[in-house]
Amino acid sequence: MPYDKGNRAWIHEALNERMRPEWNRGAKRWEIAKTHLRPLVEALAARFGEVDVYLQFSRLEQCHGMCQRASGDDCTCSCMGENHQGAAYWKRWINVGDDVLVSAERQERHFLVRRNP
């Protein structure tokens, strides 16, 4: 979502929470706390029809039982959410592709999320 003076207010309204979205001028993107990701992605898809989501994972962080039994959606390990029980909603998102980032320690997964019919 590009920067617009009204977008900060829309984000507050869409999440109906006290939060502080920050505009990263260098990267030209809004940045929010991880806990707001899912509701914001769903609100953006409802507003615009579809939204691209990029999630980063550590290639060095091994997946283990705590990830596989997790109830939250905060997975950062090498399984990239595949084994993470709390990230089951990602299964409804369209996986566009995976890229290894320049450092080779991080991997990025690109999803396309469309408005629910």
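The values are calculated or read from the model by the stated rules, or taken from the named source; none is laboratory data. All of these numbers come straight from a predicted model, not from anything done at the bench. Glycine gets a Cβ as well: all are built from the backbone with ideal geometry, and neighbour counts include every protein chain shown. Side chains included, ligands, DNA and RNA excluded: accessible areas come from the protein's heavy atoms. Shrake-Rupley method; radii C 1.70, N 1.55, O 1.52, S 1.80 Å.
The calculated 222 nm mean residue ellipticity attributable to helices in the chain amounts to -6000 deg cm²/dmol, summing -39500 (n - 2.57) over DSSP H runs of n ≥ 4 and dividing by all residues. Its Cα gyration tensor gives the chain an equivalent ellipsoid, and the semi-axes of that ellipsoid, as √(5λ) in whole Å with the largest first, are 25, 17, 14. To the nearest ten degrees, helix 37-48 and the longest principal axis of the Cα atoms of the chain are 50 degrees apart. For the chain, the share of accessible area belonging to carbon and sulfur comes to 47 percent (1.4 Å probe, ligands and nucleic acids excluded).
Think of the chain as having a plus end and a minus end, set by charges on the Cβ of Lys, Arg, Asp and Glu; of 78, 89, 23, 23 sits farthest toward the positive end of this dipole. If only the Cβ of Lys and Arg carry +1 and only the Cβ of Asp and Glu carry -1, the dipole of region 50-117 around its Cα centre is close to 280 debye. Computed about the Cα centre, the dipole magnitude for the chain is approximately 300 debye when only Lys and Arg (+1) and Asp and Glu (-1) carry charge, each at its Cβ.
Rolling a 1.4 Å probe over the protein heavy atoms gives region 29-117 an accessible area of 62 Å² per residue.
Near the amide H of residue 106, within less than 5 Å, lie the amide hydrogens of 59, 101, all on another chain or at least 5 residues away, with H placed in the peptide plane.
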